[in-house]
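**Student:** Here it is: the structure, laid out below.
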Amino acid sequence: MPSRLRVFLATVAGCLLSATPVQAAVEDGALNPGHPQTYVVQPGDTLWGIAGKFLREPWRWRELLEANPGIGSPKQLQVGDRIRILTTGGTAHARVDRHRGVPVVKLSPEVREIPLAGGIPAVPVSVIAPFLTRPYVADKTLLDRAPYVVNFVGEHITGGAGDEVYARGITDPSIGVYEIVRLGKPYEDPDTGELLGYEAAFIAEARMERPADISKLRINEMERETLAGDRLVPLEPLQLEDFLPEPAPQGAAGRILAVLRGVYEIGIYDVVVINRGSSDGLRPGSVYKVFQGGERVQDPIAKEQWRVEWPFPYEEAPVVTWPDSNIRLPLEETGVLMVFRTFDRVSFALVMSAKGVIHVFDRIRPPQA
């Protein structure tokens, strides 16, 4: 794993762990049937996975965990903590007993002490980390004005790791590292046809060696070969937002636009693009349910049925009516998404659960409050 990615993963994990006190409860019916009465947090656990052991809807964990002394938030859970479910008067809440020492793992014939790890991340950090910095969604007009690769040092016609490239349009010599990106497919709203943005696919990372009218850079990391005409964007540290899952804003229903990384059948832990963003009130942690169906079909029986109403007096013409045979099929829930990165008009979301194969253009709706 590149050193930069290791540092970034540590940063992501840290940003997912700050605390906000909560105090609430859920009705008994919100609990998973057969949920454990107690659970000890294990290495490798995620907050979503722990909540799913107790709740039918894991994003409701804020309502389950009360303000525990020394805990205050599910994001402060640590390996070794014991979670207990308590029920009172038809409601349930959780108590967390902080393990004050270190968890002990018995390995016969000796005992090994393992120090407590930091807080438990909300989701598998390694899954979302590559998508927190790359790829991203771009404004074509702005990207068209960005510096670009014009040629390569030596006799190369493409550039790979270790190769040097020439670039034009760089005006700030103090910027030391750039991402090389390439304009990709457009993201269009499937309902309105409106252009929401473009994919800006990550190609490589390059470090400045000689700023000038024709600058020289060296390619460090790469995912694809660099081509003449690829654009350069200054590499900036991503300001991560602290989050816990919560229902997306009511009224912000939408669609899945695309799936990243070339996956054809969308399943758990795949990353999708949805046609709602920060301008719709979304933020990292917004949760959606995924639905299929809703097509309009003809009722084969109803369309053959008709009724004649004879008016009085009978000299008037009879009224013939047919029942509505054009019906819409109900929506069926197929999965759950959680937004982890937002742009103005679109967002990246992680598939947290899937009852079947999820498809591009499937409908998404906020869970009912």
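Every number here is computed from the coordinates shown, using simple stated rules; none is lab data. Keep in mind the model is a prediction, meaning the values are calculated, not measured. Using ideal geometry, Cβ is built from the backbone for each residue, glycine included, and neighbour counts are taken over all protein chains shown.
**Student:** Rank by packing, highest mean first: peptides 335-348, 191-204, with packing defined as the count of other Cβ atoms within 10 Å averaged across residues.
**Tutor:** The peptides rank, most packed first, as 335-348, 191-204.
**Student:** Rounded to whole Hz and in sequence order, give me ³J(HN,Hα) for region 352-358 from the Karplus expression 6.51 cos²θ - 1.76 cosθ + 1.60, θ = phi - 60°, writing x for Gly and Pro.
**Tutor:** Those phi angles translate into 8, 7, 8, 7, x, 6, 9 Hz.
**Student:** Starting from the Cα-Cα distance between residue 87 and residue 30, subtract it from 0.36 nm times their residue separation and give me the gain in nm to one decimal.
**Tutor:** Between residue 87 and residue 30, full extension yields an extra 19.3 nm.
**Student:** Please arrange 39, 269 by how many other C-beta atoms lie within 10 Å of their C-beta, fewest to most. Mind dumping the intermediate values first?
**Tutor:** Numbers: 39 17, 269 13.
Going from least to most buried by this count: 269, 39.
**Student:** State the Cα centre-to-centre distance between region 338-369 and region 144-209 in whole Å.
**Tutor:** Region 338-369 and region 144-209 have Cα centres separated by 28 Å.
**Student:** Something else about it: If N is the number of residues in region 135-234, what value comes out of its Cα radius of gyration divided by 2.2 N^0.38 Å? Kindly include the intermediate steps, with their values, before the conclusion.
**Tutor:** Values: Rg = 14.3 Å, N = 100, 2.2 N^0.38 = 12.7 Å.
Relative to the rule-of-thumb radius for its length, region 135-234 sits at 1.13.
**Student:** If R₀ is 35 angstrom, what is the calculated FRET efficiency for the pair residue 216 and residue 42, using the beta carbon separation as r and rounding to 0.05?
**Tutor:** Numbers: r = 50 Å, r/R0 = 1.44.
Efficiency, rounded to the nearest 0.05: 0.10.
**Student:** Once you order the gyration tensor axes a ≥ b ≥ c over the Cα atoms, which shape class does region 175-217 get: rounded for a/c under 1.5, otherwise prolate or oblate by comparing a/b with b/c?
**Tutor:** Numbers: a/c = 4.90, a/b = 3.52, b/c = 1.39.
It comes out prolate by the Cα gyration axes.
**Student:** If neighbour count is taken as other Cβ atoms inside 10 Å, put 289, 140 in order from fewest to most. Walk me through the numbers before you get to the answer.
**Tutor:** Values: 289 21, 140 13.
So the residues, fewest neighbours to most, are 140, 289.
**Student:** Still on this structure: If a paramagnetic tag sat 7 Å from the Cα of residue 236 along the Cα-Cβ line, which residues of region 179-204 would have the backbone N under 15 Å from that point?
**Tutor:** Only 179 fall inside the zone, counting backbone N under 15 Å.
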